[in-house]
Every structure is written in structure tokens, then in C-alpha cells.
Amino acid sequence: MKKGIKENFLVLWKKYFDRAELPIVFYYTDAEVGLEIVSPSARNRCLISNLTKVCKGIPLRFAANSIGCFGGRRHLGFSQTLRPNFEYFLSCGIPGKMEGERYKKSPEIVKEIMEKMPKFKAPKKFIVFKRWDLIEESENPEVVIFFAPPDALSGLFTLANFDQSERNGVIAPFGAGCASIVQYPYLEKDSDRPRCVIGMFDPSARPYLPSNSLTFSAPMNKFFRMIKNMKESFLITSSWGRISKRIIQSKKP
């Protein structure tokens, strides 16, 4: 990351969002980067549950076998394999064999969704997650992720739309929690008009988050524009000043 960007954002974030917690970032790499690879276990097989340490300031490096669920490996680009009978798992289940999550009405709807779901392959062997203040100058994050309460989300959402006429500068596509913070925003970075993603609506991921928290993820090329716009946006108005005073730190996942 270019020198000065990290420090500049830290100052602006403190000024305009006061007590809101810092975001985390991720990037793909082939380097060992001095970090131990996360090992899957029955207790931390979900990516979201593992991000607790990252939010507390402990960087983590994941390989394909670090993720304990089919969906997590798929949404991080480490595999294209679906869980067996996935169309039934996500919908009505199979009586006597599998309980369905009932996130979709029928297996047919799930099949149609999966046919249209964007796919990607992880460009490198590992994915590294770090808190913003720990980014090193030699690192180039690809997506920034905020775990935020409604007031902070309001500010991020409005800032993302500040410099464009397109109404849908922020999207909330259906998908797993890890898809909303990794797959979707990562794929947006190559768009002519990259969008941000509000997520973590997935009921399976919600238990790992505070009840008043959702995620806001932005590809870095979009986020750099947001940082540049902060000093001339609504953030300098008295209207935002009233909101920023009531933003409270929420416990991250």
C-alpha cells in the first residue's frame, strides 16, 4: 500500500466515526509471510468464527485445507466442489436423511442460483486477513471489511455513493456470510464501476456477530476513492456530527 494511506485513513476514521472499530482487510499471496496457517477444527470450521482473532489484532493466513466447510472453500476460491445434495441442504432437505436450512423454497431454485452464481479461483495459495492498523507498506490489500452497527453503515453507504450518479453503488446479493465479505467484493475490484457489498445476512453466520452488526466490504480501488472524498462529503456537516457522537463500538465476530 502506498505510504501514507493507512495513516491518513486512521486519522479520518477517528475524526468522523470516532468510536467505531477499525476494519480488517485481506489479500491473496503465495508467500509464507511469517504467519502460521490456520488449522481447521470442529470448533472453528467456519471462516467467520476465525475472524475474531483478526479483529483483535492477530493476523491469520488460510490455505485451502484451513476452511472446514464446502461453502467457505468455494467462496474463497479454493474449490468449486459443492456439499453433496447441496440443493436439498439449502432448501427443504431430504426426509430421514438431511435437515434442510430452508433458505430457498425448492431444490430447483437452488440449482438455478448455482448456475448463475459467479465463480472464481483463488489467484494464489493463501489468503491473509489483517486489521487495518497492522497493514505493512509492502502489502497490497484487495478488500476492506467493516463490521459495523447501523449508524456506521449509514456513513459508509452514503460515502460509497458520494461521487457517482448510479443509485446502486452498494449491493446486498444473496449468499453465505463468507461470500459477502470475500467473493462478491473481490470480484467487484475488476469491474469498470466497482461496488461495495453489505452482507452477513446469512442466518448461519449471524451467531458469530453481535446482534447489531452487519458487514460493509469494499474493493480497495473503490475504497481509496472513498477515503479521498471524506473531507468534502457529508461527514463534515452538523447532521453527521450528531450521528457520529452516538456510534458505539460493537464487539466484532
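The values are calculated or read from the model by the stated rules, or taken from the named source; none is laboratory data. Fair warning: this is a prediction, and the values are worked out from it, not measured in the lab. Backbone-built Cβ (ideal geometry, glycine too); neighbour counts: all protein chains shown.
The residue that is surrounded by the most Cβ atoms within 10 Å (Cβ to Cβ), among those in region 47-78 that are modelled with pLDDT under 85 and assigned to a helix (DSSP H, G or I), is G71.
Please determine whether any residue of region 97-105 is of a type in the set (S, T, Y), surrounded by fewer than 20 Cβ atoms within 10 Å (Cβ to Cβ) and not assigned by TED's automatic domain parsing to the domain that holds L187. The answer is yes; a qualifying residue exists.
When S180 is tested against (1) surrounded by 19 or more Cβ atoms within 10 Å (Cβ to Cβ); (2) not in a helix (DSSP H, G or I), just one condition goes unmet, and that condition is (2).
Would you confirm whether any residue within region 68-75 is closer than 21 Å to K124 by Cα and in contact with a strand residue (DSSP E or B) (Cβ under 8 Å, 6 or more places away or on another chain)? Scanning region 68-75, I find no residue that is closer than 21 Å to K124 by Cα and in contact with a strand residue (DSSP E or B) (Cβ under 8 Å, 6 or more places away or on another chain), so the answer is no. Once region 211-232 is narrowed to residues that are out of contact with any strand residue (DSSP E or B) (no Cβ under 8 Å at 6 or more places or on another chain) and in contact (Cβ under 8 Å) with a residue 12 or more places away in the chain, the residue that is nearest to L47 (Cα to Cα) is N212. Comparison of E108, E87, E112 shows that the only residue that is in a helix (DSSP H, G or I), in contact with an Asp or Glu (Cβ under 8 Å, 6 or more places away or on another chain) and either modelled with pLDDT of 95 or more or over 29 Å from S66 (Cβ atoms) (or both) is E108.
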